[in-house]
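Coordinate-derived values only; no laboratory data. The model shown is predicted, which means the values in this text are computed figures rather than measured ones. Here the Cβ positions follow ideal geometry from the backbone for every residue, glycine too, while neighbour counts run over all protein chains shown.
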Amino acid sequence: MSEISQKTDTSVILVCAGNATRMGGVNKILLELGDTNVIGHSLRAFENCPDVAEIIIVTKAENNDIIRETAAKLGITKLAAITEGGDTRQKSVMEGLKLVSKDSQYIAIHDGARPLVKPEHIAKVIRDARVFGGATLGVPVKDTIKVVDDGLIIDTPHRPSLYITQTPQVFRKRLYFEAVDFALEHELDFTDDCQLVEAIGGKVYMTVGDYTNIKLTTPEDRAIAEVLL
C-alpha cells in the first residue's frame, strides 16, 4: 500500500460480528435497505469520506462472499480486508487492528449496523480526533433521564451534560494501541471504545452529529431507517 497522505490518514474498522439476538436472529448487516443492504450503506459512507484510507470489516465468515459482492456492486475501492471477529465486541475490534496499515495515523471504529452515518460527520469526527487525540459522534439526550435502583428513582442527572454516544469513534493510533495493551494487561473488556481510552486517562471529544445515525438493533429500527432514507 502506498504511503497514506496527511489528509487520507484513517483506517476504519467496521464491526459486524454480533449475534443479532435482539433482531430475532436475523443477520441485520445483510438486510435489504433502500438500493443496497445495511453494510452497503456503511461501506458507501466511508468510501465517500476523503479522510478514509482503508476499510477493514470484522464479521462472521459466512458473510464474506455477500459483503464482497455488495462492495463490488457499489464500486467500493477502500475495502482492504475482511476478517473473522471474536466472542466479544472488543475482541472483534482487536482482530481488525491486526490488519491496519502501518501508515495509518488514526483508527475509526464503527458499528456496521449504523448504515445512515453521513460522510460529512465522519470527516468532522476525524478532524476533532486530530485535535484532541480521540473523538466520538454523539447527540444530546432529549429526554429527562432517571437513575433507578430497585424500582425507585434515586437521581436525575443534569440533562444538558448527557449525550447519546454513537459511532464512529476515532483515536490516534498510538493512543488506541496503548489503551488496548492496558485492557489486555488488566483483563478488561469494554463494549465502548471510548472507555478503553478513558481507562488510561485519555480525553475524548464529543462531536455532535445527528439523530438519524441510528443503530439497527430491533426489527422496528429497520422500518425507521427506511423512512429516514
From fewest to most C-beta neighbours within 10 Å, the residues S92, S161, S11, S104 line up as S161, S104, S92, S11
Cβ-placed point charges (K, R +1; D, E -1), dipole of the chain about Cα centre in debye, nearest 20 | 580 debye
Of L188, L43, L79, which has the largest mean-square fluctuation in a 10 Å C-alpha GNM of the chain?
-> L188
Set of lysines with alpha-carbon distance to K142 below 23 Å, sequence-local pairs under 8 removed = K118, K124, K215
Fewest Cβ neighbours within 10 Å first, please rank K146, K60 accordingly.
-> K146, K60
With charges only on Cβ, +1 for K and R and -1 for D and E, what is the dipole size of the range 68-196 about its Cα centre, in debye, rounded to 20?
-> 900 debye
How big is the chain by Rg and Dmax over its Cα atoms, in Å?
-> 17.4, 58
Calculated from DSSP helices alone, with each H run of at least 4 adding -39500 (n - 2.57) and the total divided by the residues of the chain, [θ]222 nm to the nearest 500 comes to -9500 deg cm²/dmol
